[in-house]
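Data block below; observations after.
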Amino acid sequence: MFDSVLIANRGEIAVRVIRTLRAMGIAAVAVYTEADAGARHVVEADVALQIPKYLDIEAIVAAAVSAGAQAVHPGYGFLAENAEFARRCAEAGLVFIGPPPGAIEAMGDKIRAKATVAAAGVPVVPGGAEPGDDLLAWNDFPALIKPSAGGGGKGMVLVRSAAELPEALESARRTAAAAFGDGTLLIERYVENPRHIEIQVIADTHGTVLHLGERECSLQRRHQKIIEEAPSPFVTPDMRARMGQAAVEAARAVGYVGAGTVEFIVDGTTGDYHFMEMNTRLQVEHPVTELVTGLDLVELQVRVAAGEPLPPAQDRVRLSGHAVEARVYAEDPARGFLPTGGRVMALREPLNVRVDSGLAAGTVVGSDYDPMLSKVVAWGETRDQALRALDRALGATAVLGVTTNIPFLRALARHPAVAEGRLDTGLVERILPELLPETGVPGDVLAAAALAFHAAPVGDDPWEVPDGWRVGEPAWTTWRLESRDGVHAVQVRGLPERGAEVRVADDGTAMRAAVRFAGECLFVTLDGKVTAYTHARDGDTLWLGRDGESWALTRHRIGDPGDRPGAAGSADGVVRSPMPGTVLLVKAQLGEQVSEGQPLVVVEAMKMEHTVVAPIAGVVKELPVRAGQPVEMDAVLAVVEP
């Protein structure tokens with residue numbers, strides 16, 4: 001067994017691998033870039049070495065050698081499916097904890113993979129256009145464009161008509177090149193009413209290949225998984241055995257070693273299944289398989305890489321209960337799921353469930369990496385119990401300082417179609433309006449924020465100190481609180497610690513109130529009802545978290561503008577960036593006459609593209625950005641003059 005293993009990754013997966021290495025008595029070596037110097041995986045590792053960037057193969061190999069590591073675990077993403085990285089590890093005398101380079105190459109190319117598994121008798125999606133074919137000539141719609149070297153849903157585009165095809169191919173090729181370094185595309189017939197079901201396999205160097213059951217991954221948005229579960233509510237024992245055997249044969253066909261996932265597209269009406277791809281690495285959603293099998297997949301990876309044999313009996317793999325995982329992302333569902341960022345000012349993670357997280361208070365969430373922050377994973381004896389446990393756990397989660405998708409996840413987990421197992425990969429898009437959180441701030445939250453400010457005011461102006469003393473009868477103090485939907489007025493009279501009155505100007509109702517601070521908890525009493533908030537203060541801005549939701553409320557001082565400019569564009573023609581990121585393309589020219597809705601600039605953040613359009617018809621009078629330039633949220637991208 002190894003004494004020391006380097007983890008060629010960051011964030012929650014690096015922390016998760018460290019946890020298993022520690023349990024096995026193996027020293028964990030972390031790598032980090034300058035931006036990640038204080039990250040959680042760096043703190044938890046036994047040794048941490050700085051590298052220029054996470055995709056620098058030579059720097060990572062040199063770090064492993066200098067640290068005395070005997071093996072390298074790639075996690076997922078970054079270099080996990082890079083055959084050249086696996087070869088370089090071997091050349092340096094390091095064991096790559098993953099499959100052989102040949103298997104990575106065979107399955108990394110979707111076109112080659114499809115041919116390989118078809119030859120092994122595994123069902124594949126019928127029809128398709130490949131490189132060398134004229135992709136613009138495709139005429140069987142709906143169709144799915146896929147990067148040949150891709151994974152994780154990046155670059156996949158559903159096209160329903162020939163008119164959409166040219167632009168879709170351009171966007172998919174650009175995304176594929178940026179994400180995978182290869183813009184090669186293929187097109188396949190799109191399966192209507194599809195379910196995305198994958199099989200976990202594990203193979204050793206002694207010829208044993210096992211499957212560990214399936215995961216249902218049909219809850220997706222833009223081909224990105226959101227909530228996954230094991231086992232699937234759709235798969236019968238007989239279907240599991242057949243799909244499992246097909247996955248085993250696919251792995252055998254390429255001489256696979258280690259943990260991998262064979263993904264199938266399943267017709268939700270007929271139950272017919274077809275091979276999509278094989279991910280030659282650990283999957284983000286692997287925890288649900290671990291919870292229902294009782295196996296540690298990272299430990300199995302390490303033991304297989306060290307040459308140990310697997311138990312050869314497939315019938316010893318048993319599934320117990322049900323597990324559901326939700327991915328917490330730094331994104332804003334109310335703004336079209338645009339990536340967000342910021343500094344984590346306070347963090348509360350749920351107890352009694354599994355949380356795979358790379359977060360800590362003080363973590364800076366930027367636009368350089370994938371927006372996934374953590375995974376909340378719940379187990380129950382039944383599927384209903386698991387979903388309820390997940391909902392409660394998400395409600396007990398707070399990430400203050402960064403807007404997340406937690407309220408959206410709770411709404412999805414509670415939706416009747418999800419509860420009944422009526423899933424397909426298009427479900428989330430169809431029910432999206434039902435899942436989006438309200439954008440306004442509830443009155444009781446406004447009252448809580450005003451009371452918190454009142455109890456601990458900002459500034460040193462003695463007239464701003466609400467000490468409860470006035471000439472004559474105690475007066476009402478008005479707090480003007482700004483949220484992203486406007487400015488709200490809340491009045492407070494008295495001392496919150498001893499008993500006060502509060503009224504929100506929107507309805508004028510007065511309530512008896514009190515507040516109590518206890519570390520990161522703020523207990524607010526309104527008319528006898530006590531509510532606990534997670535809170536964090538950053539100057540004039542107060543963050544409050546409750547039931548999985550969070551609100552940022554800023555003290556609005558006299559003379560401040562009454563509202564913030566629109567993010568994407570406004571009636572005055574000022575076009576702003578809707579998210580922090582990098583300018584990918586500038587599609588307009590200075591002095592160009594443009595029409596309303598015409599694309600002007602493409603901004604990329606966390607491997608996602610967002611096209612910003614002209615809010616009005618007119619002439620481009622200012623264009624202060626260029627391709628490759630980093631921009632902050634609300635930065636001016638262009639000005640269109642009517």
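The values are calculated or read from the model by the stated rules, or taken from the named source; none is laboratory data. Given the structure is predicted, the values throughout are model-derived calculations rather than measurements. FYI the Cβ positions are ideal-geometry reconstructions off the backbone, even for glycines, and counts take in every protein chain you see.
Before moving on, here are some points about what is shown:
- The number of residues in segment 294-334 being closer than 28 Å to L387 by Cβ and among the basic types (K, R) comes to 2.
- V530, sole failed condition from (1) surrounded by fewer than 22 Cβ atoms within 10 Å (Cβ to Cβ); (2) within 32 Å of the chain's Cα centre (by Cα); (3) modelled with pLDDT of 95 or more: (2)
- Elements of the type helices (runs of 4 or more DSSP H) sitting completely within segment 360-434 and holding at least 1 residues that are of a type in the set (D, E, K, R) and not assigned by TED's automatic domain parsing to the domain that holds R10: these cover 383-395, 406-414, 427-430.
- Residue count for segment 186-211, restricted to those that are more than 25 Å from the chain's Cα centre (by Cα) and over 24 Å from T175 (Cα atoms): 11
- Test for D634: is it at pLDDT below 90, surrounded by fewer than 20 Cβ atoms within 10 Å (Cβ to Cβ) and touching a Ser or Thr at 6+ places or on another chain (Cβ under 7 Å): yes
Residue by residue, here is whether (1) modelled with pLDDT under 95; (2) in a loop (DSSP other than H, G, I, E, B); (3) touching a strand residue (DSSP E or B) at 6+ places or on another chain (Cβ under 9 Å); (4) not assigned by TED's automatic domain parsing to the domain that holds A14 holds:
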site: Q283; (1), (2), (3), (4): no, yes, yes, yes
site: V288; (1), (2), (3), (4): no, no, yes, yes
site: V304; (1), (2), (3), (4): no, no, yes, yes
site: E308; (1), (2), (3), (4): no, yes, no, yes
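- Residue match in segment 472-480 (condition: among the hydroxyl-bearing types (S, T, Y), at pLDDT 95 or above and surrounded by 19 or more Cβ atoms within 10 Å (Cβ to Cβ)): no
- Among the residues of segment 362-388, those that are without any contact (Cβ under 8 Å) to a residue 60 or more places away in the chain and surrounded by 17 or more Cβ atoms within 10 Å (Cβ to Cβ) comprise V365, V376, A378, G380, R388.
- Residue in segment 310-317 that is more than 30 Å from V209 (Cβ to Cβ) and either out of contact with any helix residue (DSSP H, G or I) (no Cβ under 8 Å at 6 or more places or on another chain) or touching a residue at least 40 places away in the same chain (Cβ under 8 Å) (or both) present: no
- Segment 6-62, residues that are over 24 Å from the mean Cα position of the chain (by Cα), of a type in the set (D, E) and assigned to a loop (DSSP other than H, G, I, E, B): D46
- Sole exception among (1) surrounded by fewer than 17 Cβ atoms within 10 Å (Cβ to Cβ); (2) in contact with a strand residue (DSSP E or B) (Cβ under 7 Å, 6 or more places away or on another chain); (3) part of a loop (DSSP other than H, G, I, E, B) for G155, by number: (1)
- Conditions (1) surrounded by 19 or more Cβ atoms within 10 Å (Cβ to Cβ); (2) closer than 24 Å to N82 by Cα; (3) not assigned by TED's automatic domain parsing to the domain that holds P312; number of the one not met by I226: (2)
- Meets criteria (at pLDDT 95 or above and within 24 Å of I26 (Cα to Cα)) for L297: yes
- The listed residue being buried (at least 19 other Cβ atoms within 10 Å of the Cβ), in contact with a Lys or Arg (Cβ under 7 Å, 6 or more places away or on another chain) and in contact (Cβ under 8 Å) with a residue 24 or more places away in the chain, out of L347, L297, L359, L282: L359
- L212 being crowded, with 22+ Cβ neighbours inside 10 Å and closer than 30 Å to P312 by Cα: yes
- Residue count for segment 179-208, restricted to those that are crowded, with 22+ Cβ neighbours inside 10 Å and modelled with pLDDT of 95 or more: 9
- Those residues of segment 509-523 which are of a type in the set (G, A, S) and assigned to a strand (DSSP E or B), in sequence order: A510, A513, A514, A518
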